[in-house]
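Notes follow the structure.
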Amino acid sequence: MKRWLLAAAVGLGLGLAQGVVLRALMEDVPETRIIEELLPEFQRQTGIRVEFEKVQYSAMHDKLVAQFLAPTNAYDFLQVDFLWAGEFPAAGWLEPLEPYVKASGFDLSPYFPSMLDLVGYYRGTLYMIPMYNYAMGLIYRKDLLGRQDLKERFRAQHGRALTLPRTLEEYVETSLFMAKNAGVSGAAMQGQRGDPNFMEFSNYLFAAKGDYVDRNWRVTLASPQGEKALTLYVRNIRQAAPKGALNFNLDDTFRVMCQGQAFSMVTYWWMLPQLDDPRQCPKVAGKVALAPMPGGVGVNGGWGWAIPRNSANKEAAWRFISWVESKEIVLKRALKGHAPTRKDAFQDPGVLRRYPYYRQAEAIIAQAKKVPIFAYTAEMEDVVGREISLAAAGQKGIRQALQDAAKGLEGLLRKAGLLR
Amino acid sequence: MVELKGVHKRFGPVRAVEGLDLRLREGEFFTLLGPSGCGKTTTLRLVAGFEAPDRGEVLIGGEVVNPLPPERRPIGMVFQHYALFPNMTVFGNVAFPLRLRRLPEGEVRRRVGELLEMVHLVGLEGRYPKELSGGQQQRVALARALAREPKVLLLDEPLSALDARIREELRGELKRLQGETGLTTLYVTHDQEEALALSDRIAVMREGRLEQLGTPKEVYEEPATAFVAGFVGSGVLVPGEAREGLFHRGRAWPVRVRGEGRGYLLLRPERLRLDQGGFLEGRVVLATYLGSLVRLEVEAEGLFLKVDLPPEGVPAPGERVRLALPPEAPFVPEGG
Amino acid sequence: MGERRFAWALALPGLLVLAGVVGFPLLYALFLSFTRYTFLSPSYALSGPGRFAEALGDPYFLHALGLTALYVALTVGLTLVLGLLLAVLLHQNLPLKGFHYVVVGLPMLVAPVGVGLIWKMILHPELGILAYLFGGVDFFGDVRYALLSLALVDVWQQVSFAALVLLAGLRSLPREPLEAAYVDGATPFQAFLRVTLPLLRPVLVVLLILQTLTEVRTYDLVYVLTRGGPGSATDLVSYFIYRKAFLGLDLSGASAMGYLLLLLTLLLVAAYYRAMTRL
């Protein structure tokens, strides 16, 4: 009898060790379901079961913060948007990953440096492994650039050929030309204050060779480059953007572009397959193409994997991360449409055959630059976005708006302890 | 002054007023009497203009007023539940119809003063309705109804929400005021005592039709139908026959009646007496003490008769008594 | 005495729950507003009235307060007037009464976020039907119209509740004073103005208070429709405080602003209340 009980207890204990269940909070998007489809493979290899709790993006931040403040996190690992990639490590909520990388021999070299900079390191320490990329570039209408009448008229007006613009000035000039002559808006712009207009303007700023801060977090926004960027941005949104652009977000710009009512949009590169889909956008499918932001540099964006410091299953969580980011699984994900962050995935012949525009995407990611990532990134978007919106609405002058935005940013950096 | 000609009014399946013909004389106090649902209030509202007749005509001062809304009819009205404007003072309430007519403020003040004097409310001008007693509120309502100098005053059970004593006091007041102003008055009530006390003429209504029209005395003493006999005053209807000027029930009773054929003898309690040589013999079943009198219920020849007596020396239940009949009594023919 | 104690004993569990659910967060927020607590440095070190002074010195916060005052006046005023109009119409004996009730009541049943999304499409400057009819007015993208457009969408939803409350009020009014007014020679309009409206006053004041509280807290519509823009044309104070807390991660500063708002709202409600009781 006694022996029988002992055996049962041992059996139960083994069962528990075998039956580790990892839980993670994930955004409710198709990309998450791609990974979900591969999970049985992971369970077969390791005996570890993984469960995703899927929620809307807007609900994620608050849920995560609540769990970070709890004694034990309900999530064993998580995905971190680059906007939180300063806040979470600064608050001490994430587990440093270097010891795990070393112990398991995980190779970081295939990752784009820009991605490791964005959703890898925070102030010199590795807290995240890049998971997903959403850098920004230019999506434009090839058919309009190739139209004979427009070509002739453009040459007559501007004394040069109508081509893909190479600089920010050329881009805005082309956009304005299209708005006047092609019966479409020049640019489907997401001018809604906050994240939409901040992200969009940042592309203009980087394309004009400006930046928000220098290496030492000193604010450099109110520079001649900044002024040029904002001037061109305001001109474009006031003269070449669709009506209502001052209140547009990503969905609105997508709709306009999809309806064939705009020449171009500055947006996330993975929007291309959506627009190129004849079922979704029959009016423009086959007529759209992807290019880096004119001027070469656009805004980088992405997600990273991380382990909360108060996770109860850190080892198992790392086993999952190193598995899901292994070359084999990354390729499988990429072929199903999950935007990769490793160079080898972009150069894989199979992937390229399936998605030829990954060549342009690779160029975009390699050059992409991040906006300042720190504890108050979200508030920075709000403060800078407000000033851009005021300038775009004509309620504030360019220079004044830039100075006020710079002042606001400086205050936030000071609040975060990055500036004295 | 007010005339209804063949007026019909239905509410869905309910026939509220059916083929009513009435004619009020100038300066008359005219009462519509009947139980609830008899159509008396509907009739009043037809005159006021709150309801439109389905058929027939309503005339005021000889003029057909069917198409006129209430505000264009020359009427004043007092409602059961006072209907004062709670946000206005006594003065404001009485002045309301005058101000609507855009009288100069001095004139308004003078008229309101007169009216309040008429209803004995001088000194209460600044009070709000909720600071007044029920009787006072009804006086204000009366003053307001008179302010417009109407040709006809409509009163919809104006006393029924008041305490018994105030009701009686105000009843007298109403009678006096009507006499002083000589205003044609249409009064609606279900209280037969009120109707008898106030009216020049009474129209008893039943199920939308006119049952009897007459002076209070006629209605009380010569009810045209069993319904009127039962509704106005109290009494017992004895079934029988009128023959050769006497009432017969098996045998001839010593009661003179008018009419011929089958019908009912109306025996009112105040007309019966106890008498050793009385015609009927019976047994006291119940004695109810009512203060000023005692009402006996006496079983005699299978009838339960009511007799009102002064409270002294009343026989106890179970005692045998003899009843003397009145020499003459109302007779209601059958089918009436 | 024993009965009284028994009553307290019965009420106590409920009161305790109420104190916990309502009282505690209120007191906690009050306490926070005297500290420098943020999500990033959760310390309860006291700071005195500094956070209040900061809030009152923040031009964007003051702008949000002023804008909200304008917005509340606009929405509450329109809601009451239109609600009254609808209630009076529904009070008439119209054919298809039940149908009208349902239609008028419908907006109330939609979540504000849903209302925002519906109107976002209707007022879409390129694809929306109304923008088409109005010759391409840029309802939310033009600083001149954004606040008014937001207010109208809000009123569209709120009118539903106001109309039903006022209709219930009209239904419960005694018929006699109104009829008395007619007999006294008042036209329907005069009777409405001088008799119905004063009788309806308690209902109107309660509605005024409820609507004011609702509108001061307007947040979801701003979030869905404009995010406070263009510029700061629709940056209402509740949305401002929300951002202070969840974008700025500054819980103590947001609490101080919240308490300032609470104070102003209480003053307003007290003023309404005095107006109601002074008959």
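The values are calculated or read from the model by the stated rules, or taken from the named source; none is laboratory data. Computed from a prediction, not measured in an experiment: that's the story for all the values here. Neighbour counts are summed over all protein chains in view; Cβ atoms, including those assigned to glycine, are modelled from backbone coordinates with ideal geometry.
Taken over the range A:409-420, the residue count meeting the criterion of being modelled with pLDDT of 95 or more and either assigned to a loop (DSSP other than H, G, I, E, B) or closer than 20 Å to residue A:231 by Cα (or both) is 1.
The requirement of being within 24 Å of residue C:173 (Cβ to Cβ), of a type in the set (S, T, N, Q) and assigned to a helix (DSSP H, G or I) is satisfied by residue C:79. For the range C:53-93, a residue qualifies if it is without any contact (Cβ under 8 Å) to a residue 40 or more places away in the chain and either in contact with a helix residue (DSSP H, G or I) (Cβ under 6 Å, 6 or more places away or on another chain) or of a type in the set (Asp, Glu) (or both), and exactly one does: C:58.
A Cβ distance below 6 Å, combined with a sequence gap of six or more or placement on separate chains, defines the contacts here; from the range A:79-95, residues that are free of Cβ contacts under 8 Å to residues at least 60 places away in the same chain reach residues that are among the hydroxyl-bearing types (Ser, Thr, Tyr) in the pairs A:89/A:122; A:89/A:127.
Selection of the range A:181-197 for residues being on the phi > 0 side of the Ramachandran plot and more than 8 Å from every other protein chain (Cβ to nearest Cβ) yields only A:183.
All but one of (1) under 20 Å from the mean Cα position of the chain (by Cα); (2) within 14 Å of chain A (Cβ to nearest Cβ); (3) in a helix (DSSP H, G or I) hold for residue C:253; state the number of the condition that does not hold. For residue C:253, the exception is condition (1). Looking only at residues in the range A:205-240 that are buried (at least 21 other Cβ atoms within 10 Å of the Cβ) and without any contact (Cβ under 8 Å) to a residue 60 or more places away in the chain, which one is nearest to residue C:231 (Cα to Cα)? By that ranking, first place goes to A:205.
Residues that are without any contact (Cβ under 8 Å) to a residue 60 or more places away in the chain, within 14 Å of chain C (Cβ to nearest Cβ) and among the hydrophobic types (A, V, I, L, M, F, W, C) within the range B:133-173 comprise B:140, B:143, listed in sequence order.
Taken over the range A:255-285, the criterion of being within 14 Å of chain C (Cβ to nearest Cβ) and either free of Cβ contacts under 8 Å to residues at least 12 places away in the same chain or touching a His at 6+ places or on another chain (Cβ under 7 Å) (or both) is satisfied by A:255 alone. Residues of the range C:208-236 that are touching a residue at least 60 places away in the same chain (Cβ under 8 Å), under 18 Å from residue C:152 (Cα atoms) and hydrophobic (A, V, I, L, M, F, W, C): C:208, C:216, C:221, C:222, C:224, C:225, C:233, C:236. Once the range C:201-231 is narrowed to residues that are within 8 Å of chain A (Cβ to nearest Cβ), touching a Phe, Trp or Tyr at 6+ places or on another chain (Cβ under 7 Å) and not hydrophobic (A, V, I, L, M, F, W, C), the residue that is nearest to residue C:140 (Cα to Cα) is C:226.
Regarding residue C:196, is this residue under 24 Å from the mean Cα position of the chain (by Cα) and among the polar types (S, T, N, Q)? No, not satisfied.
Would you check if there is a residue in the range B:71-86 being within 13 Å of chain C (Cβ to nearest Cβ), of a type in the set (Ser, Thr, Tyr) and at positive phi? Within the range B:71-86, one or more residues are within 13 Å of chain C (Cβ to nearest Cβ), of a type in the set (Ser, Thr, Tyr) and at positive phi. Scanning the range C:7-30 for residues that are free of Cβ contacts under 8 Å to residues at least 12 places away in the same chain and within 23 Å of residue C:52 (Cβ to Cβ) yields a total of 7.
Taking the criterion of being part of a loop (DSSP other than H, G, I, E, B) and either touching a Pro at 6+ places or on another chain (Cβ under 7 Å) or closer than 22 Å to residue A:153 by Cβ (or both), would at least one residue in the range A:194-213 satisfy it? Yes, the range A:194-213 has at least one match. Looking across the range A:358-376, the residues that are surrounded by 18 or more Cβ atoms within 10 Å (Cβ to Cβ) and either within 8 Å of another protein chain (Cβ to nearest Cβ) or more than 21 Å from residue A:209 (Cα to Cα) (or both) come down to A:358, A:374, A:375, A:376.
Please find, among B:69, B:74, the residue that is assigned by TED's automatic domain parsing to the domain that holds residue B:198, surrounded by fewer than 17 Cβ atoms within 10 Å (Cβ to Cβ) and in contact (Cβ under 8 Å) with a residue 60 or more places away in the chain. Testing whether each residue is assigned by TED's automatic domain parsing to the domain that holds residue B:198, surrounded by fewer than 17 Cβ atoms within 10 Å (Cβ to Cβ) and in contact (Cβ under 8 Å) with a residue 60 or more places away in the chain leaves just B:74. Does residue B:211 fit the bill of being surrounded by 18 or more Cβ atoms within 10 Å (Cβ to Cβ), in a helix (DSSP H, G or I) and not hydrophobic (A, V, I, L, M, F, W, C)? For residue B:211, the condition - surrounded by 18 or more Cβ atoms within 10 Å (Cβ to Cβ), in a helix (DSSP H, G or I) and not hydrophobic (A, V, I, L, M, F, W, C) - is not met.
Taken together, the criteria exclude residue B:51 from residues that are away from chain C (no Cβ under 13 Å) and surrounded by fewer than 23 Cβ atoms within 10 Å (Cβ to Cβ). When the helices (runs of 4 or more DSSP H) confined to the range A:74-185 are screened for residues that are surrounded by fewer than 20 Cβ atoms within 10 Å (Cβ to Cβ), of a type in the set (Lys, Arg) and over 22 Å from the mean Cα position of the chain (by Cα), those reaching at least 1 such residues are found at A:98-104, A:142-145, A:148-158, A:168-181.
Remark: residue A:410 falls outside the filter, which requires a residue to be away from chain C (no Cβ under 14 Å) and without any contact (Cβ under 8 Å) to a residue 12 or more places away in the chain. Do the conditions hold for residue B:315, that is, is it more than 27 Å from residue B:247 (Cα to Cα), touching a residue at least 40 places away in the same chain (Cβ under 8 Å) and assigned by TED's automatic domain parsing to the domain that holds residue B:239? Criteria met by residue B:315. Within the range A:53-99, if we keep just the residues that are farther than 18 Å from residue A:373 by Cα and within 10 Å of another protein chain (Cβ to nearest Cβ), the residue that is modelled with the highest pLDDT turns out to be A:68.
Restricting the range C:100-152 to residues that are surrounded by fewer than 21 Cβ atoms within 10 Å (Cβ to Cβ) and among the aromatic types (Phe, Trp, Tyr) leaves a set whose member that is farthest from the other protein chains (Cβ to nearest Cβ) is C:101.
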